[in-house]
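Remarks on the structure that follows.
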Amino acid sequence: MKFAKIVFWIAGIWGFLVLTPLYFMFDLIGRNDPPPITHPGFFYGFVGVALAWQVAFIVIATDPARFRPFMIPSVLEKVSWGATVIVLVLQGRMHQPDLVFAGTDLLLGVLFVIAYCKTSVRLV
């Protein structure tokens, strides 16, 4: 269970560090990677939902056995973003350096699966 605590704490903190600056980079992203973002609701919505997941990771870290069922959607959250970036890079719609973040998410997804398997089921 210690493994799961460590993994989910790291994931939550890493996510806050990486995602929070996006709230202040809206215009910069449009300048550095044209065209400018035309749907701010989608952009800020993504950031908000992603930050909400970081809170979920920290909640899971507080008691992995209790919140073990939430590890499954946590894996899906990581795999869905990582796989999406890979596909978009292969299509030439994203830059190869973005694979660093996709790889990080996919690694965390694998660690989440390991944490799930190593965490015992809590009997009520």
When both residues are 6+ apart or on different chains and their Cβ atoms are under 7 Å apart, which pairs have a first residue that lies in segment 102-113 and is over 16 Å from LEU88 (Cα atoms) and small (Gly, Ala, Ser), and a second that is assigned to a helix (DSSP H, G or I) and open to solvent by 40 Å² or more (accessible area, probe 1.4 Å)? GLY109/VAL79
Kindly establish whether GLY30 is in a helix (DSSP H, G or I) and open to solvent by 40 Å² or more (accessible area, probe 1.4 Å). no
So, in segment 11-37, of the ones that are of a type in the set (Val, Ile, Thr) and free of Cβ contacts under 8 Å to residues at least 60 places away in the same chain, which residue ends up farthest from PRO97 (Cα to Cα)? ILE13
Subset of segment 29-60 (residues that are at pLDDT 95 or above and among the aliphatic types (A, V, I, L, M)): VAL47, VAL49, ALA50, LEU51, ALA52, VAL55, ALA56, ILE58, VAL59, ILE60
For residues that are open to solvent by less than 70 Å² (accessible area, probe 1.4 Å), within 21 Å of PRO64 (Cβ to Cβ) and not aromatic (Phe, Trp, Tyr), tally how many sit in segment 75-113. 11
Conditions first: (1) outside any loop (DSSP other than H, G, I, E, B); (2) of a type in the set (D, E, K, R); (3) out of contact with any Lys or Arg (no Cβ under 6 Å at 6 or more places or on another chain). ASP105 passes all but one, so which condition is the exception? (3)
For segment 38-60, which positions are farther than 12 Å from GLY15 by Cβ and touching a residue at least 12 places away in the same chain (Cβ under 8 Å)? PRO40, PHE43, TYR44, ILE60
Given the structure, is PHE3 open to solvent by less than 80 Å² (accessible area, probe 1.4 Å) and either under 15 Å from PHE112 (Cα atoms) or touching a strand residue (DSSP E or B) at 6+ places or on another chain (Cβ under 8 Å) (or both)? yes
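Pick from segment 114-124 the residues that are surrounded by 12 or more Cβ atoms within 10 Å (Cβ to Cβ) and part of a loop (DSSP other than H, G, I, E, B): which of them is nearest to the chain's Cα centre (by Cα)?
THR119
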Search segment 51-69 for residues being assigned to a helix (DSSP H, G or I) and in contact with a helix residue (DSSP H, G or I) (Cβ under 6 Å, 6 or more places away or on another chain), and hand back the single one that is nearest to LYS5 (Cα to Cα). ALA61
Residues of segment 38-55 being over 20 Å from ALA102 (Cβ atoms) and surrounded by 14 or more Cβ atoms within 10 Å (Cβ to Cβ), which ones? TYR44
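The values are calculated or read from the model by the stated rules, or taken from the named source; none is laboratory data. Owing to the predicted nature of the structure, the values given are computational and were not obtained by experimental measurement. Because the Cβ atoms are built from the backbone with ideal geometry, glycine has one as well, and the counts that use them run over all protein chains shown. Heads up: the accessible areas ignore ligands, DNA and RNA and are worked out on the full protein's heavy atoms, side chains in. Shrake-Rupley method; radii C 1.70, N 1.55, O 1.52, S 1.80 Å.
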